[in-house]
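The values are calculated or read from the model by the stated rules, or taken from the named source; none is laboratory data. All values derive from a computational prediction rather than experimental measurement. Please note: Cβ atoms are built from the backbone with ideal geometry, for glycine as well, and neighbour counts cover all protein chains shown. Note: accessible area is taken over every heavy atom of the protein model, side chains too, but ligands, DNA and RNA are not part of it. Shrake-Rupley method; radii C 1.70, N 1.55, O 1.52, S 1.80 Å.
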Amino acid sequence: MNNYPTLVDKIYEMQETLPNEIFLRQPYGDIWEEFTYDEAITEALRLVTAMKSSELQKGDKIGIYSKNCYQWVIAEIAIMLGGFVHVPFYANLGEKDLKEVIDLSEIKLLFVGKIENWDRVKNGVPNDLPIVKFPHYKGNAVIDSGISWDEFIKDVEPDKENFRPESDDIWSIFFTSGTTGVPKGVVMTYAQPANLILKQDKPHNNFNFSSPGKNTFLSYMPLNHIAEQTLIITCGFYYEGQISFVESLHSFAKNLTDAKPSVFLGVPAIWEMLKQGILKQMPNLDELLKMPENAKQIKKKIQTTIGLNNTKLVISGASAMLPSTVEWFQNIGINIQETYGMTEALAIVIIQPKDDVRIGKSGKCFEEGLIKTDPETNEILVKNSWLFKEYYNEPELTKECFTDDGFYKTGDTGEIDNEGYLTVKGRIKDTFKTSKGSFIIPTPIENRFMTNKLIGQICLVGIGLSKPMGLIQLSQIGKGLNSDDIQKSLLRTLNEVNKKLQIYEKIDKLVIMFENWSIENGLLTPTNKIKRSTIHETYKSLYNEWYKQNNKIIIA
């Protein structure tokens, strides 16, 4: 650890050195409720006292099940300051999935907050599991179980222990979204975030943060998602930043403009949403930017309007962005740094250098982080000081995921060029073989189709067929058009994509699926990624029927 301060050390330091600085900001319509470092941490210490009074012991696991809000962060701080283990859950889990991760994690207490469908999921919570519920948020479900936050800490004094964890104490268990099956509990100690953020960033300035206390963050992605935890919450702690929250999806644009974050994390769908919103307001933008006398002023106006005029670090992750989208944002002065990572590596293995972004690449290796590819399979192998400790209660699975020389097997395939830039190709488990014996790597092909704005999601299938097919979920734009226009647009894209593919890769037809893929029906993960194996099992009986049809575009 090289004596790097833990998150707990930084929290106490913030309370001591910046007690009156604003730490957390919660929107309610046009009003922002603000909490200083001292107010937030003192409230957390009262929670610690209350939890200890509930006979919880150090090392006990404590869950949080909520959408983003300031109580989440205070609860997370309290879990750390009390010596407990933080176990966050996706707020959109259904009853079955929630029960599964609760059972797997062995939590002893559950915080429940901003939840939309409590009545539909509450039976997934064991009757004997204590619940502390956040104050009610308008537009969300009323939680009718457990004890209220205010009642839990009523007449309770802040804890005085001043607990300090060891670097190898367990900090958190993050459950994967279950893309390929049962979610895995990724165990992280206090050493991992310190090694990533302090050991890596400060010498190499990979994150480009400004001095402590001058960083502002916007939290809107699920707080149990490892990228949000690492780049927003954990960096907010280590860099003494101010964290603002988004009230709802409908208020996202307004909250972003009000917060003006210096650090902004967005998945590809968010960047596409922002792009379309800008073009809706300025349909002739591309022409205006060709006029040198106007371009600088127009770029500044756009950045200010959407709230990104103050950003020093602009990040995208979760999946690859379309190169055209990265280039489009560069043209308006917003330089997006893509990352490649996974839960097991705190979301970041590599990152695009701010001043040398290579469009189409996944990023460049950190100077001290090791990454290579298997010479036979091209699997990406990773070894660094912030890799996870183990999968919770899964010693054999943990052992299977590492090579003999200690490299983590990511399950992704890729290529590393001579300058250390990585291009991720796809998941090994996603690869399938056609009836002709040809192996298809679906992700790069699917990405080509995503240039068509009528496509919301696509899943290539083809096990047992001589040529693969693409199953399509229409985007909101696509759903607003008539059938003829949709089919013509998809046929053009199909022909364009096929021209660039090898003979064995060419897509035979596209099937428009009007059955909605959702988290509820098990076809999407809590992060809205497709579950390939489930989609295959659901529709495989129809493959031959679709394949025999003469049309290239089929409406299922």
*With a sphere of radius 14 Å drawn around the Cβ of Thr216, what net charge do the other residues whose Cβ falls strictly inside it have (Lys, Arg +1; Asp, Glu -1)?*
0
_For the chain, the spread of Cα positions along each principal axis, largest first, Å_ = 73, 60, 49
*Surface per residue (accessible, 1.4 Å probe) for the stretch 420-556, Å²*: 50 Å²
*With every protein chain in place, what's the accessible area of Leu249 (1.4 Å probe, Å², nearest 10)?*
140 Å²
*Accessible area per residue in Å² at 1.4 Å probe, computed on the stretch 66-179*: 42 Å²
*Where does the Debye-calculated log10 I(q)/I(0) of the stretch 445-556 sit at q = 0.12, 0.13, 0.18 Å⁻¹, using only Cα point scatterers of equal weight, no solvent?*
-0.39, -0.46, -0.91
_Quick check on the chain: helices-only [θ] at 222 nm, where DSSP H runs of length 4 and up contribute -39,500 (n - 2.57) each and the sum goes over total residues. Nearest 500, please._
-8500 deg cm²/dmol
_15 Å beta-carbon shell around Arg492, net charge (K/R +1, D/E -1)_ = +4
*Taking amide H positions as placed 1.01 Å from N in the peptide plane, with prolines and chain starts having none, which residues 5 or more places from Val349, or on another chain, fall under 5 Å of its amide H?*
Tyr340, Gly341, Met342
*So what's Rg/Rh here for the stretch 407-462, counting alpha carbon atoms and using the Kirkwood radius for Rh?*
1.04
*Could you give the Stokes-Einstein D for the stretch 443-501 in µm² per second, using the C-alpha Kirkwood radius, 4 °C, 1.567 mPa s?*
108 µm²/s
*Net charge near Asp356, counting Lys/Arg +1 and Asp/Glu -1 over other residues with Cβ under 12 Å of its Cβ?*
+2
_Out of all DSSP beta bridges in the chain, what portion is antiparallel? Express it as a percent rounded to 5._
55 percent
*asked:* Would you report the distance distribution of C-alpha pairs in the stretch 287-388 as whole percents per 10 angstrom bin, up to the bin with the largest distance?
replied: 14, 37, 29, 13, 7, 0
*Please determine, in degrees from 0 to 90 and to the nearest 10, the orientation of helix 37-53 with respect to the longest principal axis defined by the Cα atoms of the chain, where the helix direction is its Cα long axis.*
80 degrees
*Per residue, how many Å² of accessible area does the stretch 325-404 show with a 1.4 Å probe?*
46 Å²
*Karplus couplings for the stretch 283-288 from phi (6.51 cos²θ - 1.76 cosθ + 1.60, θ = phi - 60°), rounded to Hz, Gly and Pro as x?*
x, 9, 4, 4, 5, 5
*Provide Rg over Rh for the stretch 349-473; use the alpha carbon set for both Rg and the Kirkwood Rh (inverse mean inverse pair distance).*
1.02
*asked:* Largest first and in whole Å, what are the equivalent-ellipsoid semi-axes of the stretch 1-118 based on the Cα gyration tensor, each being the root of 5 times an eigenvalue?
replied: 25, 21, 12
_Restricting everything to alpha-carbon atoms, can you work out Rg to Rh for the stretch 360-420 with a Kirkwood hydrodynamic radius?_
0.99
*In Hz, Karplus ³J(HN,Hα) per residue of the stretch 497-504 (6.51, -1.76, 1.60; θ = phi - 60°; x = Gly, Pro)*: 5, 4, 4, 9, 9, 5, 3, 6
*Amide proton proximity set for Lys114, modelled H, under 5 Å, gap of 5+*: Lys67
*For Lys58, Lys500, Lys96, write out the residues from largest to smallest accessible area, computed with a 1.4 angstrom probe and no ligands counted.*
Lys96, Lys500, Lys58
*Whole-Hz ³J(HN,Hα) from phi, Karplus 6.51 cos²θ - 1.76 cosθ + 1.60, for the stretch 532-549, glycine and proline x*: 4, 5, 5, 4, 4, 5, 6, 10, 4, 5, 9, 4, 5, 4, 5, 5, 6, 6
*Candidate lysines - alpha carbon under 23 Å from Lys506, same-chain residues fewer than 8 apart omitted*: Lys425, Lys429, Lys433, Lys436, Lys453, Lys467, Lys488, Lys531, Lys540, Lys548, Lys552
*For helix 268-281, what angle does its Cα long axis make with the longest principal axis of the chain, in degrees from 0 to 90 and rounded to 10?*
80 degrees
*Against the longest alpha carbon principal axis of the chain, how many degrees, from 0 to 90 and to the nearest 10, is the axis of helix 70-81 turned?*
60 degrees
*Roll a 1.4 angstrom probe over the protein heavy atoms and tell me the percent of accessible area of the chain that is carbon or sulfur.*
48 percent
